[in-house]
Amino acid sequence: MKDNYLSAVRETELHQKAMKEKIKSRNGFIPIPLLVGIIFSLLTILGVTYGAIEYNKTSKIIKEAEQLSKEEKYDESIGKLEVAQNKLLGKIILKQKISTELDTNKKLLVDKTKYDEGVNKLNEGGLQGSIDLLSELPESSFYYQKAQTKIEESKRKIVEGKLSKETTAKLAAEAKAKQEELEKNIKEQQLSKKEAEEKRMSADNDGDGLTYGEELSKGTSDLNLDSDGDGIIDSKDAHPTGGGRNIAQTFAWNYGGNSWTWTESIQEDWYEYYKAKPRSSPESVEYITSDDPFIKKISKRISDSAKGDIGEVWLAVSFVQSLPYVEDVYTGYDEYSKYPVETFFEKNGDCEDTSYLAASIIDAMDISSVLILLPGHMAVGVYMNCDTPGTYYKVDSKCYYYVETTSKDWSGGEIPDKYKYTAATLIKIPSGEMVNDISPQYIKPCYSSPDFPGYYYNDSNYYSDSRCNNLVYCVPYQEYYVNPQITTKLYWDSSCSQVVTTGCYKSTIYSGYFYNSIDLYSDSQCIQKATICRPSPNYSDTYYNGYNEFWDSSCTQKVVSWCSKSIYYPGYFYNTLDKEIYIDSQCTIKK
């Protein structure tokens with residue numbers, strides 16, 4: 001509607017401009033009919049402009065009413081709509097819209113009033129009255145869902161009210177019973193105060209094996225089983241309140257081409273703790289203390305230090321092997337086994353002591369191992385792939401390779417000769433299960449040679465097969481041959497019998513012979529001249545066998561200085577002494 005008014009205004013303005021042009025063209029003379037048209041146009045413009053202004057004002061009032069309705073201010077919204085309804089356009093053009101908005105707001109006002117009354121009833125405690133009022137709101141009402149929520153709340157409070165009386169009575173009874181029990185306890189405590197005090201003094205609240213009275217006398221806490229935090233419970237600690245010495249131990253050994261020096265400190269109390277422990281059977285896995293915090297610390301240090309070709313297991317083994325071997329001189333083998341911390345602290349031990357230490361460190365690395373019991377001896381078995389060279393014991397489809405812990409001269413898989421064919425008892429870690437009569441098995445070391453491709457070796461021996469069964473003494477090396485056990489000499493032949501000598505070379509023309517810058521030889525050192533018949537290196541028409549010149553290729557016609565081939569008589573010879581012709585190369589038989 002507003003756009004129609006604006007279009008009319010613009011059309012009138014255009015018409016007015018045209019009229020003004022006509023007036024100018026007539027030099028100011030305005031005819032009566034034209035004047036009447038101008039006046040009519042002006043009146044039309046004024047009417048349209050007024051209508052547009054009124055339309056905007058009325059629309060604005062309606063929008064304000066709609067906003068008030070959204071804010072649930074229905075009274076104010078109705079007032080605004082009634083003002084808009086009394087305006088001229090409100091009675092004509094916007095009548096229907098205003099009427100609809102008025103009806104809607106009046107209905108919402110009624111519903112809101114009823115909803116507010118129901119809520120007030122609920123807040124005042126009139127629960128059933130609240131339900132009755134709120135139930136009157138129809139499903140189409142804006143307040144229906146809110147009303148349903150309040151109805152549920154009223155019903156819940158009604159149920160709670162019924163239960164509260166029973167609950168109150170129950171709680172009162174329970175409180176009375178508790179009060180009676182409390183009074184009873186107080187009386188009992190008053191009657192047995194001395195008994196209670198004695199019980200308190202004899203209680204072990206932290207489970208460290210010391211009573212409260214003993215904790216008081218030692219100055220330790222009854223709420224902390226390790227008062228000084230050194231890892232030893234108070235009842236086993238020589239200095240439970242602290243003050244024990246922290247003793248540094250230094251170890252030095254060689255392994256993997258490196259020199260290793262470590263200094264590690266250990267609490268004296270920790271050593272004394274293990275020292276005081278009762279001794280179990282040597283076969284007991286109680287001596288495997290891989291969960292001990294100090295052993296874990298040592299194990300981690302070894303693992304962190306193992307780099308490149310140095311494996312953590314073998315670095316740990318080399319460390320243990322570096323400790324001096326000390327027998328149980330006074331008690332004998334297996335009479336006094338030491339825990340790993342004791343062996344570390346004392347820096348020595350016998351076979352079972354070093355085995356416990358090695359197995360504990362390796363187990364702390366999460367690498368499987370076993371203890372190996374042999375007659376009068378103990379060692380460690382470390383899990384490795386079953387194709388690894390060396391001596392191993394097989395249990396549960398796993399191969400445990402023999403590790404000697406008492407000397408640094410032993411490598412993994414190497415076993416003393418006296419035990420090579422001896423069955424052993426294996427003790428599984430950590431279960432302690434013993435598996436008897438396990439015979440050792442052996443895989444011969446056999447490695448691919450980096451110097452001689454296609455050949456294999458173990459120790460100083462070389463083989464032509466990957467199992468190291470076929471021993472060889474002569475292998476190809478560049479254009480020569482070499483005995484791999486004596487690499488200082490080169491040979492010309494595959495049996496390593498023809499030694500290569502400087503200045504003496506294989507003949508490329510005469511197979512099997514050798515030469516130097518002077519002559520051919522039958523030996524590789526150019527000592528024995530070869531008697532092979534060949535063109536003379538001295539004369540173009542003779543042959544040479546290494547010693548003499550000959551006229552024929554079979555070296556049967558020996559050349560002498562006074563007898564030469566005849567120029568005029570082919571096949572004959574000429575004697576320069578008597579000027580005669582001869583039939584032989586020695587000039588002994590005349591023609």
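The values are calculated or read from the model by the stated rules, or taken from the named source; none is laboratory data. Because the structure is predicted, anything quoted here is derived from the model rather than measured. Here the Cβ positions follow ideal geometry from the backbone for every residue, glycine too, while neighbour counts run over all protein chains shown. Ligands, DNA and RNA are excluded from the accessible area calculation, which covers all protein heavy atoms including side chains. Shrake-Rupley method; radii C 1.70, N 1.55, O 1.52, S 1.80 Å.
Below are the figures for this structure:
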{"item": "Residue-normalised accessible area of segment 241-374, given per residue in Å² at a 1.4 Å probe", "result": "43 Å²"}
{"item": "Stretch gain in nm, segment N120-S280, where the contour uses 0.36 nm per residue and the Cα spacing is subtracted", "result": "49.3 nm"}
{"item": "Local electrostatic count, Q321, Cβ distance below 9 Å [Lys/Arg +1, Asp/Glu -1]", "result": "-1"}
{"item": "Accessible-area composition of segment 239-327, carbon plus sulfur, in percent [1.4 Å probe]", "result": "47 percent"}
{"item": "Within the accessible area of segment 500-591 (1.4 Å probe), percent carbon and sulfur", "result": "53 percent"}
{"item": "Chain lengthening between E414 and D304 when straightened (0.36 nm per residue, less Cα-Cα)", "result": "37.0 nm"}
{"item": "FRET efficiency estimate (nearest 0.05) - Cβ-Cβ, S59 to S140, R0 25 angstrom", "result": "0.35"}
{"item": "13 Å beta-carbon shell around C468, net charge (K/R +1, D/E -1)", "result": "0"}
{"item": "Solvent-accessible heavy-atom area per residue, rounded to whole Å², over segment 438-588 at 1.4 Å", "result": "64 Å²"}
{"item": "Residue pairs, from the table K307/K398; K107/K162; K60/K106; K178/K199, whose Cα atoms sit over 32 Å apart", "result": "K107/K162"}
{"item": "Reachable lysines from K338, criterion Cα separation under 24 angstrom, eight or more residues apart if same chain", "result": "K236, K275, K277, K296, K297, K300, K347, K408, K428"}
{"item": "Reach of K57 by Cα under 20 Å, taken over aspartates and glutamates that are not fewer than 8 positions away in the same chain", "result": "D3, E66, E76, E82, E101"}
{"item": "Semi-axis lengths, Å, segment 497-543, gyration tensor of Cα atoms, sqrt of 5 times eigenvalues", "result": "21, 10, 8"}
